[in-house]
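**Student:** The structure's right below; bear with me while I get my questions together.
The values are calculated or read from the model by the stated rules, or taken from the named source; none is laboratory data. Not measured: the values here are computed from a predicted model. Here Cβ is always computed from backbone atoms with ideal geometry, including for glycine, and neighbour counts include all displayed protein chains.
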Amino acid sequence: MCRTDLAAKEASISRFLQDYPHVLDVGRGHPSLHGCEDVRWSEFPECPAEIPVLLRGLLDQAAAPEAKRVLTNSILNSVREMNASMPAVLPFLFRLASEPQVPVKSGLLDLLVAVAGFSEPIDGRNEAVVRWFGSDNDHPEREQCRAVFAEHASVVATLAEQLNNPEDRAKFRQAAGLL
């Protein structure tokens with residue numbers, strides 16, 4: 001498993017800030033990010049405290065592609081496991097993906113589709129799948145993410161219409177309990 005540890009995530013954010021120091025001031029007060037500074041990101045295992053900087057970076061034309069890449073690596077622990085912070089970051093991603101002026105809107109939609117997939121319940125009777133992905137009991141963030149998708153069902157339904165792939169639309173709607 002290719003697992004990204006906290007030190008690597010923090011180093012990546014430091015490099016991002018060296019390349020885009022102006023994002024420290026970008027997006028402050030943006031309605032889509034209301035409350036992101038209040039979340040205690042570092043209290044989530046393997047989650048860097050600088051998530052708000054990356055979220056604000058998504059609003060900057062020059063920094064957005066790199067902010068999205070670094071954010072994705074920061075909220076995913078591996079290619080098959082999301083970070084426990086994902087339920088907390090989802091509302092901000094939904095709001096940002098709903099903003100037409102966000103430079104990486106399509107990339108955020110792709111990320112949200114991936115999160116919808118990661119959020120699917122695991123069949124506990126399938127030992128191979130449980131070994132690969134872990135049980136739902138070991139990963140409560142899956143159910144928590146489904147609850148956030150459901151809480152934002154109207155936004156999810158609107159965003160789903162912007163997806164080109166019918167399977168992605170279905171996966172997205174299913175995560176919100178719309179199917």
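**Student:** What are the residue pairs meeting all of these: first residue in region 142-168, first residue closer than 11 Å to ALA116 by Cβ, second residue among the basic types (Lys, Arg), Cβ atoms under 8 Å, and 6 or more apart or on different chains?
**Tutor:** VAL156/ARG173; ALA160/ARG169; ALA160/ARG173; LEU163/ARG169
**Student:** Here's something else I'd like to know. Given the conditions (1) of a type in the set (S, T, N, Q); (2) closer than 24 Å to ASP25 by Cβ; (3) over 13 Å from the mean Cα position of the chain (by Cα), which single one is not true for SER106?
**Tutor:** (2) is the only condition that SER106 fails.
**Student:** Test each condition in (1) touching a Leu at 6+ places or on another chain (Cβ under 8 Å); (2) within 20 Å of LYS171 (Cβ to Cβ); (3) modelled with pLDDT of 95 or more for PRO91 and report the one that comes out false.
**Tutor:** Every condition holds for PRO91 apart from (1).
**Student:** On the given criteria, is LEU76 hydrophobic (A, V, I, L, M, F, W, C) and either modelled with pLDDT of 95 or more or over 19 Å from GLU143 (Cα atoms) (or both)?
**Tutor:** No.
**Student:** To continue, here is another question. Test VAL148 against the stated conditions and say whether it is more than 26 Å from GLU46 (Cβ to Cβ), part of a helix (DSSP H, G or I) and either of a type in the set (Val, Ile, Thr) or at pLDDT below 90 (or both). Can you show your working first?
**Tutor:** On the way: more than 26 Å from GLU46 (Cβ to Cβ): no; part of a helix (DSSP H, G or I): yes; either of a type in the set (Val, Ile, Thr) or at pLDDT below 90 (or both): yes.
So VAL148 fails the test.
**Student:** Could you tell me how many of the residues in region 37-47 are under 14 Å from the mean Cα position of the chain (by Cα) and modelled with pLDDT of 95 or more?
**Tutor:** 1
**Student:** Is at least one residue of region 122-141 touching a helix residue (DSSP H, G or I) at 6+ places or on another chain (Cβ under 8 Å), of a type in the set (A, V, I, L, M) and modelled with pLDDT under 95? I'd like the intermediate steps shown before the answer.
**Tutor:** Residues of region 122-141 that are touching a helix residue (DSSP H, G or I) at 6+ places or on another chain (Cβ under 8 Å), as a first pass: 122-124, 136, 139, 141.
Add one more test, that the residue is of a type in the set (A, V, I, L, M), and what stays is 122.
This time we only want the ones that are modelled with pLDDT under 95, so: 122.
Within region 122-141 (the criterion being touching a helix residue (DSSP H, G or I) at 6+ places or on another chain (Cβ under 8 Å), of a type in the set (A, V, I, L, M) and modelled with pLDDT under 95), the answer is yes, since at least one residue qualifies.
**Student:** Under the condition of being assigned to a helix (DSSP H, G or I) and among the acidic types (Asp, Glu), which residue from region 160-178 is surrounded by the most Cβ atoms within 10 Å (Cβ to Cβ)? Lay out the reasoning, then the answer.
**Tutor:** From region 160-178, those assigned to a helix (DSSP H, G or I) are 160, 166-175; that's our starting set.
If we keep only those that are among the acidic types (Asp, Glu) as well, we get 167-168.
Values: GLU167: 9, ASP168: 18.
Taking the candidates together, the pick is ASP168.
**Student:** Give all pairs with beta carbons closer than 6 Å in which a residue from region 45-65 that is free of Cβ contacts under 8 Å to residues at least 24 places away in the same chain meets a residue that is surrounded by fewer than 23 Cβ atoms within 10 Å (Cβ to Cβ); count only pairs at least 6 apart in sequence or on separate chains.
**Tutor:** Hits for this filter: ALA49/TRP41; ALA49/SER42; PRO52/CYS36; PRO52/GLU37.
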